[in-house]
1. Condition check: among the β-branched types (V, I, T), over 30 Å from V133 (Cβ atoms) and either assigned to a helix (DSSP H, G or I) or at pLDDT 85 or above (or both). Does V50 satisfy that?
2. With respect to the numbered conditions (1) under 16 Å from V147 (Cβ atoms); (2) open to solvent by 50 Å² or more (accessible area, probe 1.4 Å); (3) among the small types (G, A, S), which one is the sole condition not fulfilled by S84?
3. Failed condition for A141, given (1) outside any helix (DSSP H, G or I); (2) over 30 Å from G46 (Cα atoms); (3) at pLDDT below 90, with all others met?
4. Find all pairs meeting these conditions: Cβ atoms under 8 angstrom apart; at least six residues apart or on different chains; first residue within the range 103-114 and outside any helix (DSSP H, G or I); second residue hydroxyl-bearing (S, T, Y) and open to solvent by less than 50 Å² (accessible area, probe 1.4 Å).
5. Just to be sure I understand, how many residues within the range 122-137 are part of a helix (DSSP H, G or I) and within 20 Å of A83 (Cα to Cα)?
6. For V93, all conditions in the list (1) open to solvent by 60 Å² or more (accessible area, probe 1.4 Å); (2) touching a helix residue (DSSP H, G or I) at 6+ places or on another chain (Cβ under 6 Å); (3) part of a helix (DSSP H, G or I) hold save one; what is the number of the exception?
7. For the range 69-90, which positions are in a helix (DSSP H, G or I) and over 26 Å from A55 (Cβ atoms)?
8. Given the options A90, A122, A83, A150, name the one that is more than 17 Å from F67 (Cα to Cα) and in contact (Cβ under 8 Å) with a residue 12 or more places away in the chain.
Amino acid sequence: AYEIRPRDWSSDVCSSDLGLVALGCVTAAGPARRLLPAGWWSARSGIAAVVVARALVAYAFIAADAFVPLVLTEVRGYSLAFASLAVSLAALVWSAGSWLAERMVVRVAPGRLAAAGAAVVALGVLWQVLLAVRGVPVGIALVGVAVSAAGMGVAFTPLAVLVLDQSDEAATGVASSW
């Protein structure tokens, strides 16, 4: 059985971990200023705000999705193969969401579509919490994985469209990496 123990936040390991995170942030700040659009740190209106929105939606999804295999194998006792199927399900549903967004973006404003996708990601991430609740059937909890993946597909494509729409034609190559 897997037992969750609280971490001792006063330990030396924790202090060194936080120190390394701080060092990484300081080290990354310089290159980030050259790589990211102006106004990114303050989410200034325009491309910078779209890039921040894209990052936040992606980080929310990835942070939740990273725990799916852990919870399935360690808390729920399923095999790694089953956990891999759950992650594969998310990839397939994300692709389906992207396909849907690509067809809808001509009829629905990209900003509205991205906002709807982000809301679906949030709903799916909250739903994924049910994976850790032993009394909830895994199938019902895995619907949250699919919902958040669908939201990623719906949100990410229009966010890319918004970045490219707001970029100068000469800067579209750089902008596509944001």
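The values are calculated or read from the model by the stated rules, or taken from the named source; none is laboratory data. Everything numeric here is computed off the predicted structure, so don't read it as measured data. Ideal geometry is used to build each Cβ from the backbone, glycine not excepted, and the neighbour counts take in all protein chains shown. Heads up: the accessible areas ignore ligands, DNA and RNA and are worked out on the full protein's heavy atoms, side chains in. Shrake-Rupley method; radii C 1.70, N 1.55, O 1.52, S 1.80 Å.
1. yes
2. For S84, the failing item is (1).
3. (1)
4. As it stands, the answer is V105/T157, since those pairs meet every condition given.
5. Of all residues in the range 122-137, those part of a helix (DSSP H, G or I) come to 122-132.
Applying the additional criterion that residues be within 20 Å of A83 (Cα to Cα) yields 124-132.
Residues that pass the stated criteria total 9.
6. (1)
7. Quick first cut of the range 69-90, residues in a helix (DSSP H, G or I) only: 69-75, 80-90.
Listed by number, the residues that qualify are L72, T73, E74, V75, L80, A81, F82, A83, S84, L85.
8. None of the other options fit; the residue is A150.
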